[in-house]
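The values are calculated or read from the model by the stated rules, or taken from the named source; none is laboratory data. Everything numeric in this text was worked out from a predicted model, so none of it was measured. Cβ placement follows ideal geometry from the backbone for every residue including glycine, while neighbour counts extend to all protein chains displayed.
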Amino acid sequence: MQPDNETVEQIIERVTVDAYGDEGYWSFAQAFEDDIGFPLDATLAGVAVQLCGVEFDGQTQRGLVAILKLDAKTHRASLLDLSVPRCPTRSLIDAYRRWLGIT
């Protein structure tokens, strides 16, 4: 469980403490499963969607994938393409971005 006042650096350390190399993707996917109460509201390219989960299929070039619901259909998109309100989910996404070296 993610403390409310945890910094991005602290989240990265907590999530990846035992991960080496590409194992960090699996660690972040597990952190989303453990820390986030799905479903939750998000937007993708300005369209309101429900974020129902996060997965990693082993493809590091693709990274973490958001499982989305829109109009009763399931879709998948890059987690990095989502916009979520400021909440633990956003902090975890920010930590994932930093771990990737994007921000």
Filter result for the condition that a residue is under 14 Å from the mean Cα position of the chain (by Cα) and in contact (Cβ under 8 Å) with a residue 40 or more places away in the chain, over Val65, Val54, Val84: Val84
Scan region 40-59 and give yes if some residue there is touching a strand residue (DSSP E or B) at 6+ places or on another chain (Cβ under 8 Å) and part of a loop (DSSP other than H, G, I, E, B), otherwise no. yes
Any idea which residue in region 72-102 is modelled with the lowest pLDDT, counting only those that are surrounded by 12 or more Cβ atoms within 10 Å (Cβ to Cβ), in contact with a strand residue (DSSP E or B) (Cβ under 9 Å, 6 or more places away or on another chain) and among the polar types (S, T, N, Q)? Thr89
Pick from region 19-71, criterion under 16 Å from Thr89 (Cβ atoms) and of a type in the set (Val, Ile, Thr), ranking: modelled with the lowest pLDDT: Ile36
Hits in region 14-56 (condition: loosely packed, with under 13 Cβ neighbours inside 10 Å, under 15 Å from Trp99 (Cα atoms) and touching a helix residue (DSSP H, G or I) at 6+ places or on another chain (Cβ under 9 Å)): Val17, Asp18, Glu23
